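First the structure, in the form of structure tokens, and then the observations on it.
The values are calculated or read from the model by the stated rules, or taken from the named source; none is laboratory data. Just so it is clear, the model here is predicted, and its values are computed rather than measured. Note that we place each Cβ from the backbone using ideal geometry, even for glycine, and neighbour counts take in every protein chain shown.
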Amino acid sequence: MQTKPPVYVFYVIVISQFCCTSLWFAVNAVLPQLQSEFHWPVESLGYTTSAIQLGFIIGTLTFALLGLSDRLSPSFLFFVSSLLAAAANAMVLLERSSMELNLISRCATGFFLAGVYPVGMKIASDWNKEGLGHWLGALVGALVLGTAFPHGLKLIPGFVEPYILIVSVSVLAVSGGLAMWLFVQDGPFHKAASRFSFQEVHGVFRYNTFRAAAFGYFGHMWEVYAFWAFVPVVLLFYQQQTPVEFSASGWSFAVIASGFLGCLLGGKLSLIYGSKTIASIALVASAICCLVSPWFFEMPFPVFMSLMMFWGFMVVADSPQFSALVATHAPSHIRGSAITMTTCIGFAITIVSIQLLNFSLHLIATPYLLLLLAPGPVLGLIFLHQQKLSSWIK
């Protein structure tokens, strides 16, 4: 019988995850100012976001191949990674005008975040085997809040200056890593994870249930990070079309952060209805939002923002559920390798969708931009229910 973990452990893990993942979109929040000051191209948004995604992919594979979470205490690895990620984030300030340094800084930050986000998940699983879905919901919710936080921080007058915001977020990340190291020891269920192996993972997609969960997750990933990255672009365009004055940074924070509630509520409801049902509902809602998004721009401000926040709520509500489904349906003897490969493919897909929107900025009108995200949730839903669809066709 499982011993209930101390309550403080849950809160420290969640808060530390929030603090460290605030690094993810730190530069995105100040990018409009950098673009204006140094005449960076409009495409720098896509390049900046893709750089951190690429770094995370490389970091995830590197950490897995070296088996660092097996050789080191996960809490200590989390702390060291937070220090290095914070330093990499602040590196952009060495020469603020350099787009090249910005991309290197973003890539390095993503690399070291591979020792934060997945390791935080591992630490949670080391402390809790029953009700892990609730913990995963809170952890992904913390990632969402962390992602949104730099946009919200700009609402405070003292943090408008890019230098202050970047340094503040780096200090916050170090604080989160230190809290994890000082207050969360290795959990009672801590054990060496299975090592990553390309050879072992080669045939994992032959398992029907795993393939359905993984491809559903890939559809989700096509949409979520591209949506987050381009929310400020969409809001700034709407701002130019309406006489209503509002803070694009503040509402970007609200739209992205609404996903925190989506993760929490989805985690609670999954205990009743199951992860697959909750993931399916979120995919359907996201797909509808994508398909009708051009009409959002014709709506009055309260309706427009309500629809964007609903989309922000739904776009990530399925994320912890897909994590649970992938982990559940991965063969036990190659679970670690299968999860690592699935995560890397998912983040590689985000680069493709982000760059597609980035390239399309000059080709299509902004109200139609988010239509390009629709194939993700639509195909994700189809793949998730492929067995049921096959039986209907037969």
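Here are a few things to note about the model shown:
- Any chance GLU223 is acidic (Asp, Glu) and under 15 Å from ILE354 (Cβ atoms): yes
- Residues that are under 25 Å from LEU370 (Cα atoms) and either surrounded by fewer than 22 Cβ atoms within 10 Å (Cβ to Cβ) or touching a strand residue (DSSP E or B) at 6+ places or on another chain (Cβ under 7 Å) (or both), drawn from region 305-345: MET305, SER306, LEU307, MET309, PHE310, CYS344, ILE345
- Screening SER168 on (1) within 21 Å of ILE52 (Cβ to Cβ); (2) polar (S, T, N, Q); (3) in contact (Cβ under 8 Å) with a residue 40 or more places away in the chain shows it passes everything except condition (3).
- Residue ranges of helices (runs of 4 or more DSSP H) in region 1-84 with at least 3 members among the β-branched types (Val, Ile, Thr) and within 18 Å of LEU143 (Cβ to Cβ): 7-21, 44-66
- All of PHE10, PHE38 fail the test of being more than 21 Å from GLY346 (Cβ to Cβ), surrounded by fewer than 24 Cβ atoms within 10 Å (Cβ to Cβ) and touching a Lys or Arg at 6+ places or on another chain (Cβ under 9 Å), apart from PHE38.
- Residues of region 60-76 classified as of a type outside the set (Lys, Arg), closer than 24 Å to LEU182 by Cα and surrounded by fewer than 21 Cβ atoms within 10 Å (Cβ to Cβ), total: 6
- Output for region 240-259, where each listed residue is at pLDDT below 95 and either more than 20 Å from GLY146 (Cα to Cα) or touching a helix residue (DSSP H, G or I) at 6+ places or on another chain (Cβ under 6 Å) (or both): GLN240, GLN241, THR242, PRO243, VAL244, GLU245, PHE246, ALA248, SER249
- Here GLY187, GLY137, GLY133 are screened, and the one residue that is in a loop (DSSP other than H, G, I, E, B) and at pLDDT below 85 is GLY187.
- Of all residues in region 41-59 being farther than 20 Å from PHE111 by Cβ and touching a residue at least 60 places away in the same chain (Cβ under 8 Å), the one that is surrounded by the fewest Cβ atoms within 10 Å (Cβ to Cβ): VAL42
- Boolean, LEU363 is free of Cβ contacts under 8 Å to residues at least 40 places away in the same chain and either closer than 30 Å to GLY203 by Cβ or out of contact with any Leu (no Cβ under 9 Å at 6 or more places or on another chain) (or both): yes
- Residues in region 3-49 that are under 15 Å from LEU103 (Cβ atoms) and of a type in the set (Gly, Ala, Ser): 3 in all.
- Search result, residues across region 236-268 that are in contact with a Phe, Trp or Tyr (Cβ under 7 Å, 6 or more places away or on another chain) and under 18 Å from SER286 (Cβ atoms): ILE256, SER258, GLY259, LEU261, GLY262
- Test set (1) among the hydrophobic types (A, V, I, L, M, F, W, C); (2) in a helix (DSSP H, G or I); (3) surrounded by 17 or more Cβ atoms within 10 Å (Cβ to Cβ) - VAL352 fails condition number: (3)
- Selection status of VAL231, touching a Ser or Thr at 6+ places or on another chain (Cβ under 7 Å) and either of a type outside the set (Lys, Arg) or surrounded by 16 or more Cβ atoms within 10 Å (Cβ to Cβ) (or both): yes
- Of ILE334, ILE278, ILE345, ILE339, all but one fail to be free of Cβ contacts under 8 Å to residues at least 40 places away in the same chain, assigned to a helix (DSSP H, G or I) and out of contact with any Phe, Trp or Tyr (no Cβ under 6 Å at 6 or more places or on another chain); the exception is ILE339.
For every residue, the table says whether it meets (1) modelled with pLDDT of 95 or more; (2) within 17 Å of the chain's Cα centre (by Cα).
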{"residue": "SER97", "(1), (2)": "no, no"}
{"residue": "ILE104", "(1), (2)": "yes, no"}
{"residue": "PRO118", "(1), (2)": "no, yes"}
{"residue": "LEU155", "(1), (2)": "no, no"}
{"residue": "VAL160", "(1), (2)": "no, no"}
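- Scan of region 203-253 for residues that are over 21 Å from ALA324 (Cα atoms) and over 23 Å from the mean Cα position of the chain (by Cα), ordered by number: PHE237, TYR238, GLN239, GLN240, GLN241, THR242, PRO243, VAL244, GLU245, PHE246, SER247
- Some residue of region 315-328 being assigned to a helix (DSSP H, G or I) and either outside the structural domain of GLY250 (by TED's automatic domain parsing) or modelled with pLDDT of 95 or more (or both): yes
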